[in-house]
Every structure is written in C-alpha cells, then in structure tokens.
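Visitor: Structure in structure tokens, see below.
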Amino acid sequence: MADHTLKRYVLQAAAASLVLFALLYVYVAYVAVWQGPKLAQNPLNQRGAAARADITRGTIVDCNGVVLAETQSDGVRHYTMGEVMAPVTGYNGERIGSAGIEGTENRALLGLTEDMSRIGPISQLFQSDRGNDVELTIDSRLQKIAYDELEGHRGAVLVMDAETGAILAMASTPSYDPNQIEAEWKELNAQSDGPLLNRAVQGMYPPGSSIKPMIADAALTDGVTTENERFDCNGILDVGGGFSIHDYNGEVHGQINLRQALIESCNVTFGTLGMRLGDDRLKKAYERFGFTESLMGDVVMERAHLPAFGSLAQGDQAQSAIGQSTLLVTPMQMLLLADAYANNGKVMRPYLVDSVISANGVVLSKALPETWRTVTTPDMASTIDAYMADVVKSGTGRLAATKGVRVTGKTGTAENGQGKDHAWFIGSAELPKQKIVFAIIVEHGGSGGRVAAPIAKRLIQTMLMDT
Amino acid sequence: MKSWSLLVPPIGILIFGLSTLYLKAHPIVGTIDASSLLGLSYLPWLFSVIVLSLIVQAILIRRHLDTMLFPIALMLASVGVVEIARLDPPLLVAQLRWLLIAMVLMLVLIRMFPLVKQSLQYPYILGLCCLVVLLLPILFGTEIGGSRNWIVLGPFSVQPSEFGKILILFFLAAYLSEHRRVLSLPVKRFLFLKMPPLRFIAPLISIWGIAVLMFVVSRDLGSALLFFGIAVIMTYMATGSKSYLFVATAFILVAGALSYLLFNHVRVRFQVWLNPWQDPNGMAYQIVQSLFSIGTGGVWGTGFGFGHPGFIPEVHTDFIFSAIAEELGLVGALMLMTCYACFFWRGTQIALRCRMDREVLTAAGGSTLFLMQAFIIISGVTKFLPLTGITLPFVSYGGSSMVASFLLLGIILSLSRRGEDG
C-alpha cells in the first residue's frame, strides 16, 4: 500500500515540474511580446513580404470602367494601355519602387488600411486577399488622342473638368511601357530625354505668353492700367540698360487696348505692364495664383521656379510678365491658371482618383470636388475669360476654334535657349456635358498658335463625339 | 452532463477549424462542383473521430473512470488536426486515421488493463524489453530527418522511442516500488552523498547510459532528455532522496561536456543554441524561422490560416507549436500550454488517489512524461533549451506519437477507477 511519504514526494515533484513549466510560460511570453516586434521586422523574416504577396493588387479602371492595370491570374501586373497611360498608372516593382497611381494609391490597391497583421483574426475583417479597385477620373479615349497628338514630340497634355478638378487626360511624351519597366529600367534611366519624367506635373518650362492672362488680371486688379488704356506698340520695347523686347516675328500692333494686346499677344504692352507692376506686385500675382505652391496626393505637382523678385532689373520685370526671364512652371500650373478663368476665379484641386471600391463592390471612398484656392474675383475672371474667348475667335488661338463650342485660350511661344520655341496653349471649352480646361505644351514645337492650339481642337472634337 | 459538455470545445474546434479552411479554399459561394467536393473527402474520417470520441467518453463514464483527461487530450489533438490540415492538407486524413486508431487501441488497453497491470510485477522483464526496444534503432535504425530513431517495417515507419517511454515508465514504476525502501536506506556514504549499494542503482544508471547512447548514436536528444528526466523524477518520487538529483545533475553535466568535446554534431547544436544569429540561413535556419514565427504572431497572432509558418522546415511535426503561436498568437500558445498543465495536474491527482505504490508511480510518472515532453519541445522551438527533435504529444503529426500518447493516456485513465479495489 502506498504510504504518505510517497505521495508527499509525488506532490513535491509535481509542484517543481509546474514551476519549471511556469518559467516556460514567462519565457514564451517574453519571446512573443518583448522580442516579437523586433523578430517580426527582422530583415531576414520574409513573412511581411509574403503577406503582401498574398494580396492580389486591385485593378485600376478609367472613368468608364475600362481596365488600365490589372493583375493577371499568373500574378503579372498588366497595363492595358502601356506607355499611353504610363504617366497616370505609373508602375510598381519590388526593386524599382513605384510611381503614379500605383505609388500614391499603393495602400488602397493592396487593401491595407493599417498594418494590422498582428492583431489576430480580427485583422481579417479589414483585410481580404484581394486589394481594392481604384476608379480614376481619366477618360482613356481622350488620353489616347492626347498621346497620339504628342507622338514624335516631347511634351505634355492635360485636360481637366473645370468645375470639379477631375483630371480627364494626362499625357506625357516620351513615355515608357510599364509592362517592361523592370527589364528596361537601366536604359530608361540612362536616356537623356527622360521618359520616366511625367512632364505634365514635373516638367519645368518657361510659360511664355501663356502667362499673359494672369498679368492682365494683375495689372487690372492692381490698377496699373484700365481696360480702356491704349498702348502704342511699335514692335520694340526699350527696357533700359541697352536691352529691348521684341514682338513675335517682328509684328507691330499699333494702337491697342489690353483686350487687343492679349488677343495679339503683344509683348510690348505686357512688358510695359510688367515694369509698371514691379517686383512686389508681380511676386504677389504669382503667389496669388499658387505658383509658389506644390501639390501632394494623387496629383503630385512641383513648385514653380520664380525669378528672384525683389532684385529684378526692369528688363527682367518685363520678361517675367511675358513668361520668360528665369520663370519656370509645370504644365499643371498652367492648367490651374486656365481653370481660374473658366471657373469664376476659383481653382479646383486637381484629382485623379474618383473612388476606391472594395473587392466586393463597396465604395470605400469617393472624391469630393474641392476648391484649391480662390485666386480672383468672378468679375475679373469673366473679363479675362472674355478676352481669352476672343483669342480663339480672332487672335493667335484661331486654330483651336471649334464649331458650336465656346472655346477660350491663350497661346504661348516660349523661348528656351535650346532650339525651337516651346509651343503652349492653355484654355477652356464649354462642351454640352461639362466645361473643360486644358494645358498643352509641345517642346520645341514652335508657334503655340500653330502647333499647340490644333491639339486642343482635336481634344474638343473627341469629347464632342463622346457625347 | 459536465462530462459530456467537456467534449464540446474539442469537437467544436475540429468542425469550425476545418470549415474555416474549406471556406477559405472555396471563397465563391454557390458554386459546388466535383473538385470542391473532393476537398471534403475527409468527412467520413472526421465523422468517425467525433462518433468514436463520444463512444470513448460514454465508456469512461460507464466504467467510472476519469472524464476530464480524455477531453483535454482530444482538445490538444483537435488543435493539432486543424493546424496540420492548414499546414499540409494531404496529411489531414492520415492524422485523423491515426487519431482513430489511437483511440481504438486506447479502448483495447483499458479493457485489457488488468492483464497489462500484472506486468508491473516483473520489473526485470520490463527492463529487458525496454533495453531491446531502445537498442533496436541504435542497431537497425534508419535516419529520418536527422535522427536515427526510426525502424522501417514495410510500409510503416515506427519510432520505437515513443513506445519505449511507456516501457520505461512501467519498468521504473515496478522497479522503484519494489526497491524504494532499499534505495532510500543510506548504506554507503560517498562525500556528502548517501548512496545505496551499487547493485540497487545499477538499473537506473543503465537507463541513464542508454539515454546518453541514444543522444550520441541516434542523435535523438529529445528522447534522451525525456528518458533521463523521467528516470530522475521518478526516482525522486520513490525515494525523496536529493542525493539522486545531485548525482543525476553531475552525471548529465559530465556526459554533456564529454560529448561536446568528442562529437562534432553536439558542438554544432550547442553553438546554434547559444547564438543562432551567426548562421541564420544555415545551421540555425530552423530555430531562427521558428523565432520569426512566434515573433510575427505576437500576442494575438496573424489569424488562423493567415500566417506563413511554412517557412519552418518540419513545421507539422516538431515545430507545430511555432505554427500555432504564429497564427493563434501568444494567447493560443499559452492556452495550449495550459492544456498540458491541466492534464498534468489532473493526472497527478489521480496518482495521489491510487492505493498501490506502483500505481501511484505509474500515474504520476505518466502524467510527468506528457508535461516533460511538451516542456522539452516547446523549450526547443523557443530557444529556451537547445533544440531537440521530439513531438508535441497529441498535437504533432505522426502515428507513433499519437498511438503512444493515447496508450499512455489509457494507462492513466485505467488507474483512475474509483470505488473498486485497485
């Protein structure tokens, strides 16, 4: 029969075993909680990457549901429109990083709301194995036309809904094929014409005469001129110091008012206004229109490069009033300038992502049009807008005129010291369905009126056919 | 009613775990075709396991045996089955089949226990059997997964050490209960230690020797540690002599130091334990991946089916604890450990109620075997102790382990009968 001592020893041994086991509890908790974060983030730990790889990246579609980028069943990301849509979709690669919507909407496309992989089964409420779809404001047909029009040149085309800020087209040439980018990465980076650069938002150009609507606005607002003042254009403006400004092709405009000066893009008149405005008021005008700002979010815009206001000679004041000097802007800034006059003095914040839709069809977020800044009064906006309508009706922008559509615009032919002038055209068109604004630049294309304005017409006609 | 409700958690885990996996594999609702039904071919096995577990519980109630141990064991087995189905789906049916076989064999053992119990009266025959079973793999063993502790018999591979632990438990219980008075009488004094004559402790020393041999020759550190540990603890239970503990500690230190000096694989394993980060993609790959698993799981885990425990080699056998810790988190891991602690405590209570010395020792030793085995492998995969290849009882994939665990459970259960003369 078992005696008492035996059972006492058994109990002692059991207690000791349990104490030892309790030590293991503490140790396991130490590994999981104390060392856990460090172990989870250890570079040798492939689990984070594996979790990401498990998620099928969502699809990117245009405003009509046309697929722009999707992950095929073999896991390869396919960009249906290749280089045409490259400035919009961008790319995503393990070694090369990401750009465009693939970059800015990465978390949405992966369906990641937060890093919640370590909160247990609850995390699965927020995470499916398929990311969200992103629906863009881009119209793929318009984008194709824009790209085709630019083909053979370097340049950029931007089209935006004037009243909402929805970007309808954003083309940039030369471009790259996002389907091949990982293979061609080295060559693309080495190419001197920078195909990886999205010229629409990153390209820096002198705006040339396309800046003149803003100068007219500033001159009227600051009272350095009136709508009725007559300027005498003899084709040459002496800006002091032995320098002078000439009109394009040696034209002489004679006795003209501000309206006619804008229609004919008279450098003498606007150079005069620039000198009258002086550094401070020029600087204020550029600030008022947001040229000192950059944009973040789904549309990333670089800040403009402004001349060193405060220490400009008269010549540079005159030059920066006709969009030359050391002034450099992006096409996106010029698009927003055009929007100011097409939209009653309000510049809408540009956006590309219309909505984010979960794999099971729930709309997770929907873009709300938002005023970026109010830059001028509605009265002033309508005055300048009327001037710009005349530019297309009877001035340098005649080639953009489209039957049955009210088109406004301003041409620009920007000297750049590296060959032929850059051809600019910015403006708006009142289509039956919506009002659009556009900004077009063809690098070294020559005359804005002859090269860029017809592209605007093609875009307007395309949109007319759609409706 | 209480006895039946204890079966709800394990059966629930089985059903819900496997349903979760099925739904995850077939996310589209409404389309049922032949291929998706093929994924359910385990259903008859699952059904049989559930029915048999109900039958087992009914028999235990009828026979007035303990009704808590079996549900805890089934709980562990359910977690194991579900995790194995997630880690390596083709092994699911095999594991369910082993579970079924193990439960049947346990019933047979309970039925025949009076006969089995008689063997406790022949310690030396048991000792001999023990020697034979343990020496088999050393002599004729096949190396699987780095340890030469398998015997291949036609289509089956058996791990004799899994069954050897039952024999060793019986031998120790029989031998110690017979000699405990002699063993506790200090006859000789050696320094400050009180030791009985050598011929009485010779069997113990030979078990320790076998353990060391297993480690050095078969490279089966897990079993070696288990055998050594159970011999020491049961000797203490029987004699209450701290001298044995001291001698055992000295013995293992000397043996460890010698094998460290003599054998390269021992050295490598020790160094991997001391600093796995020196060679995280080579020798230490397994333990590093295991630590990553547990660390990634954190407190709440990644969620069942959403972790990546597949990076660990042999995850479904020795490393299943890490997989559970990754997907169910620290919470799940500690619950699993708590199952072992409860199981052990319940087993100890049964031992304390037994009447005969050898029954007390068998029940207490058997319970300790489970706890110790869980302790050794969990310590190994968490780098608490040097890594040792051994299964997590009831949870790991494997027939030998499952059958041996349920046989041992059957022995403890048989000893829990109340109201009758044991």
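Visitor: With a ≥ b ≥ c the root eigenvalues of the C-alpha gyration tensor of the range B:48-132, is it rounded (a/c under 1.5), prolate (a/b larger than b/c) or oblate? Could the numbers behind the result be given before it?
Guide: Values: a/c = 2.77, a/b = 1.49, b/c = 1.86.
Oblate, since a/c reaches 1.5 and b/c is not below a/b.
Visitor: Could you give each residue of the range A:392-405 its phi-based ³J(HN,Hα) in whole Hz, using Karplus coefficients 6.51, -1.76, 1.60 with θ = phi - 60°, and x for Gly or Pro?
Guide: So the Karplus estimates, Gly and Pro as x, are 7, 5, 9, x, 5, x, 4, 5, 8, 4, 10, 4, x, 10 Hz.
Visitor: For chain B, set up a GNM with springs between Cα atoms under 10 Å and report which of B:Pro89, B:Pro71, B:Pro114 has the largest fluctuation.
Guide: Looking only at B:Pro89, B:Pro71, B:Pro114, the biggest GNM fluctuation is shown by B:Pro114.
Visitor: Listed highest first by mean packing, meaning other Cβ atoms within 10 Å per residue, what order do B:359-371, B:330-342 come in?
Guide: In decreasing order of mean packing, B:359-371, B:330-342 become B:359-371, B:330-342.
Visitor: Let me ask another. With the crude spin-label approximation of a point 7 Å out along Cα→Cβ, what separation in nm comes out for B:Leu139 versus A:Asn64?
Guide: 8.5
Visitor: Could I ask something else about it? Which net charge results for the neighbourhood of B:Ala77, defined as the other residues with beta-carbon distances under 13 angstrom from its beta-carbon, given Lys and Arg at +1 and Asp and Glu at -1?
Guide: Numbers: positive: B:Arg97; negative: B:Glu83.
Within the 13 Å Cβ shell, the charges total 0.
Visitor: Here's another thing I want to ask about it. What is the sum of charges around A:Gly404, taking Lys and Arg as +1, Asp and Glu as -1, for the other residues whose C-beta is under 13 Å from the C-beta of A:Gly404?
Guide: Net charge around A:Gly404: +2.
Visitor: Would you mind classifying the range B:119-414 by shape? Square roots of the alpha carbon gyration tensor eigenvalues, ordered a ≥ b ≥ c; an a/c under 1.5 is rounded, otherwise it is prolate if a/b is larger than b/c and oblate if not.
Guide: prolate
Visitor: Rounded if a/c is under 1.5, else prolate if a/b beats b/c, else oblate: with a ≥ b ≥ c from the C-alpha gyration tensor eigenvalues square-rooted, which is the protein assembly as shown?
Guide: Prolate, since a/c reaches 1.5 and a/b exceeds b/c.
Visitor: May I pose another question? Provide the per-residue ³J(HN,Hα) series for the range A:326-334, in order, calculated from phi with Karplus coefficients 6.51, -1.76, 1.60 and θ = phi - 60°, each as a whole number of Hz, with x at glycine and proline positions.
Guide: Values, residue by residue: 9, 5, 10, 10, 9, x, 4, 5, 6 Hz.
Visitor: Hey, another quick one. Taking every residue in A:32-44, how many Cβ atoms of other protein chains lie within 10 Å of its Cβ, on average?
Guide: 6
Visitor: Further question: Roughly how crowded by other chains is peptide B:278-288, in terms of the mean Cβ count from those chains within 10 Å of each of its Cβ atoms?
Guide: 1
Visitor: Once the piece of chain linking B:Val152 and B:Gln121 is laid out straight, how much longer is it, given 0.36 nm per residue of separation minus the C-alpha distance between them?
Guide: Full extension from B:Val152 to B:Gln121 adds 8.0 nm.
Visitor: To continue, here is another question. Which three extents, in angstrom, do the Cα atoms of the range B:237-278 have along their principal axes, listed largest first?
Guide: Extents along the principal axes, in whole Å: 44, 22, 12.
Visitor: A follow-up question, please. Provide the gained length on full extension for the span A:Leu23 to A:Thr221, in nm with one decimal, where the gain is 0.36 nm per separating residue minus the Cα-Cα distance.
Guide: 63.3 nm
Visitor: Is it possible to state the helix-based mean residue ellipticity at 222 nm for chain A, with each DSSP H run of 4+ residues giving -39500 (n - 2.57), the sum divided by total residues, to the nearest 500 deg cm²/dmol? What is it?
Guide: Mean residue ellipticity, 222 nm, calculated: -11000 deg cm²/dmol.
Visitor: Separate question: Under 5 Å between amide H atoms, partner at least 5 residues away or on a different chain: which partners does B:Gly301 have, H built in plane at 1.01 Å?
Guide: Amide H neighbours of B:Gly301, under 5 Å, 5+ apart: A:Gly120, B:Gly329, B:Leu330.
Visitor: Oh, and also: Would you mind putting B:176-183, A:200-207 in packing order, based on average other-beta-carbon counts within 10 Å, highest first?
Guide: On the way: B:176-183: 19.1, A:200-207: 23.2.
Result, highest mean Cβ count within 10 Å first: A:200-207, B:176-183.
Visitor: State the Cα centre-to-centre distance between the range B:198-268 and the range A:139-164 in whole Å.
Guide: 81
Visitor: If the limit is 23 Å between Cα atoms, which of A:Lys212/A:Lys283; A:Lys283/A:Lys457; A:Lys212/A:Lys433; A:Lys212/A:Lys393; B:Lys117/B:Lys165; A:Lys212/A:Lys457 go over it?
Guide: A:Lys283/A:Lys457; A:Lys212/A:Lys433
Visitor: May I ask you to sort B:Leu204, A:Leu6, B:Leu21, B:Leu291 by Cβ crowding, counting other Cβ atoms within 10 Å and putting the fewest first? Could the numbers behind the result be given before it?
Guide: Numbers: B:Leu204 21, A:Leu6 24, B:Leu21 18, B:Leu291 27.
Least crowded to most crowded, the residues run B:Leu21, B:Leu204, A:Leu6, B:Leu291.
Visitor: Would you mind counting up the charge near A:Asn257? Only other residues with Cβ under 13 Å from its Cβ, with Lys and Arg at +1 and Asp and Glu at -1.
Guide: Surrounding charge for A:Asn257 is -3.
Visitor: Using helices alone, I'd like the mean residue ellipticity at 222 nm for chain B: each DSSP H run of four-plus residues gives -39500 (n - 2.57), total over residue count, nearest 500.
Guide: -23000 deg cm²/dmol
Visitor: If r is the Cβ-Cβ distance from A:Asp280 to A:Asp232 and R0 is 22 Å, what FRET efficiency results, to the nearest 0.05?
Guide: After rounding to 0.05, the efficiency reads 0.25.
Visitor: Still on this model: Cβ neighbours within 10 Å, averaged per peptide: list B:166-175, B:311-320 in order, most packed at the top.
Guide: Highest-to-lowest ranking by the protection proxy: B:166-175, B:311-320.
Visitor: Turning to a different aspect of this structure: Let me know the mean shielding of B:232-242 by other chains, meaning the per-residue number of their Cβ atoms within 10 Å of its Cβ.
Guide: So the per-residue partner count for this stretch is 4.
Read the figures in this text as sums done on the coordinates, not as results from a lab. Note that this is a predicted model, so its numbers are computed, not measured. Ideal geometry is used to build each Cβ from the backbone, glycine not excepted, and the neighbour counts take in all protein chains shown.
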